[in-house]
1. Filtering the range 40-65 down to residues that are exposed (fewer than 15 other Cβ atoms within 10 Å of the Cβ) and within 21 Å of the chain's Cα centre (by Cα), which residue is farthest from residue 4 (Cα to Cα)?
2. Do we find that residue 175 is surrounded by fewer than 16 Cβ atoms within 10 Å (Cβ to Cβ), in contact with a strand residue (DSSP E or B) (Cβ under 9 Å, 6 or more places away or on another chain) and modelled with pLDDT of 90 or more in this structure?
3. How do the strands (runs of 3 or more DSSP E) wholly within the range 1-104 filter down when requiring 3 or more residues that are modelled with pLDDT of 85 or more: which remain?
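The values are calculated or read from the model by the stated rules, or taken from the named source; none is laboratory data. Predicted, not measured: the structure shown is a model, and the values here were computed from it. Note that we place each Cβ from the backbone using ideal geometry, even for glycine, and neighbour counts take in every protein chain shown.
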């Protein structure tokens, strides 16, 4: 078993002071980065100085001995203990200081140690489901690409509505385009029409509709942000009704 370095001994002292802590708290107490603290804790676990329970680290007997030597080296005062047997210097959270304990006495008394299932930080997260877009049943709508102004970019006639400011849907109903969110553009502040709605900002759908399970209504499901192959970028698909015979 290799001897711990000066920084690793400081990590052992930090764990002893907290009794059990994760690498993030160790990094704050020692004054190092969290990644470096995580690496040191893994090395100490590999060498048998600490043991890991979930995300927290606790000292083994070898780690307690190394931490006690480091505490003595740094000038910590040993408390008096009238009990016989081999003594160790440990941090007592309840007394708020260091005191000596015998080898037979556990650092974590059973009456104080309560095991609980790990729940993580912040509890369980609820997945927010997207609501269905509003069905539009009119035939004439404001042009999404030029926002009804008739020109885009400024000084140029809108290539989608030809300067009228409105677009027409021959067979309603329709919804806002899921891929461009009704802007009619491929990206924000980019004068390129959306490849799904062709710049109109709305797309025709067939009832009944439901949120696309492949892209979750976003219109794209891959990192390259290409239109979803299931809904063709609309964000919704036609719900298949069951026929009861």
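1. 54
2. Working: surrounded by fewer than 16 Cβ atoms within 10 Å (Cβ to Cβ): no; in contact with a strand residue (DSSP E or B) (Cβ under 9 Å, 6 or more places away or on another chain): yes; modelled with pLDDT of 90 or more: yes.
The answer is no for residue 175.
3. Values: elements: 50-53, 56-59, 87-92, 97-102.
Result: 50-53, 56-59.
Residue-by-condition table, conditions (1) over 42 Å from the mean Cα position of the chain (by Cα); (2) within 24 Å of residue 209 (Cβ to Cβ); (3) outside any loop (DSSP other than H, G, I, E, B):
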{"position": "144", "(1), (2), (3)": "no, yes, no"}
{"position": "159", "(1), (2), (3)": "no, no, no"}
{"position": "175", "(1), (2), (3)": "no, yes, yes"}
{"position": "183", "(1), (2), (3)": "no, yes, no"}
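The rows are residues; the columns are (1) surrounded by fewer than 20 Cβ atoms within 10 Å (Cβ to Cβ); (2) within 26 Å of residue 149 (Cα to Cα); (3) within 24 Å of the chain's Cα centre (by Cα).
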| site | (1), (2), (3) |
| --- | --- |
| 188 | yes, yes, no |
| 200 | no, yes, no |
| 208 | yes, no, no |
| 222 | yes, no, yes |
